[in-house]
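The values are calculated or read from the model by the stated rules, or taken from the named source; none is laboratory data. Fair warning: this is a prediction, and the values are worked out from it, not measured in the lab. So basically every Cβ, Gly included, is an ideal-geometry build from the backbone, and we count neighbours across all protein chains shown.
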Amino acid sequence: MGVEILHNKDLKVRRKEPKSQDIYLQLLVKLYRFLACRTNSTFNKVVLKRLFMRRTNQPPLSLSRMIRKMKLPGWENKTAVVVGIVNDDVRIQDVPKLKPHQTICPIQGPKVRACQGPPCQPRLQKLTPFLLYLLSTPVATKPKKKNSLP
């Protein structure tokens, strides 16, 4: 007979800082850690948590998925923030123009066709002062890989 061990009291392991030594990422973490503590916004906490993630948990978001998400009801007047990479999608011939109040802000990645005008904020660092005045900003979700290496 074996002994039944209860695992509900075990310590949950969460990242408190990123493993990367990138100084720009460290500055972003410092900024969003300050904002998460000082404001009552869940947006800053979600961005901070996603800055800590591994690269395997940050799959790239394609432009087609971004367009589909921004067409959903309730997302028309929002700013899409991607904590990760936005990939250009060559399957889409006509990229819809962004309205003046819509913004795409990837943290890194190649130039995207949708980011060719004034409404595009090229990096997350430049978007942060603008987001202090916004009430609700959806953070775009990315698909997880279903079949990873065994």
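Return yes when Val83 is touching a Leu at 6+ places or on another chain (Cβ under 9 Å), among the aliphatic types (A, V, I, L, M), under 23 Å from Asp22 (Cα atoms) and at pLDDT 75 or above and no when it is not. Outline the logic, then answer.
Numbers: touching a Leu at 6+ places or on another chain (Cβ under 9 Å): yes; among the aliphatic types (A, V, I, L, M): yes; under 23 Å from Asp22 (Cα atoms): yes; at pLDDT 75 or above: yes.
The answer is yes for Val83.
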Note: among Asp10, Asp22, just one is acidic (Asp, Glu), surrounded by fewer than 10 Cβ atoms within 10 Å (Cβ to Cβ) and either on the phi < 0 side of the Ramachandran plot or touching a residue at least 24 places away in the same chain (Cβ under 8 Å) (or both), namely Asp10
Of the residues in the stretch 34-79, those that are of a type in the set (D, E, K, R), within 26 Å of Ile92 (Cα to Cα), modelled with pLDDT of 80 or more and assigned to a loop (DSSP other than H, G, I, E, B) number 1
Out of all the residues in the stretch 105-115, is one or more over 15 Å from the mean Cα position of the chain (by Cα) and either modelled with pLDDT of 75 or more or at positive phi (or both)?
no
Per the filter on the stretch 33-50, residues in contact (Cβ under 8 Å) with a residue 24 or more places away in the chain and within 19 Å of Ile85 (Cα to Cα) are Phe43, Val46, Val47, Arg50
- Going by the conditions given, is Ile5 in a loop (DSSP other than H, G, I, E, B) and either loosely packed, with under 10 Cβ neighbours inside 10 Å or out of contact with any Asp or Glu (no Cβ under 9 Å at 6 or more places or on another chain) (or both)? yes
Among (1) in contact (Cβ under 8 Å) with a residue 60 or more places away in the chain; (2) in a helix (DSSP H, G or I); (3) β-branched (Val, Ile, Thr), Val82 falls short only on (2)
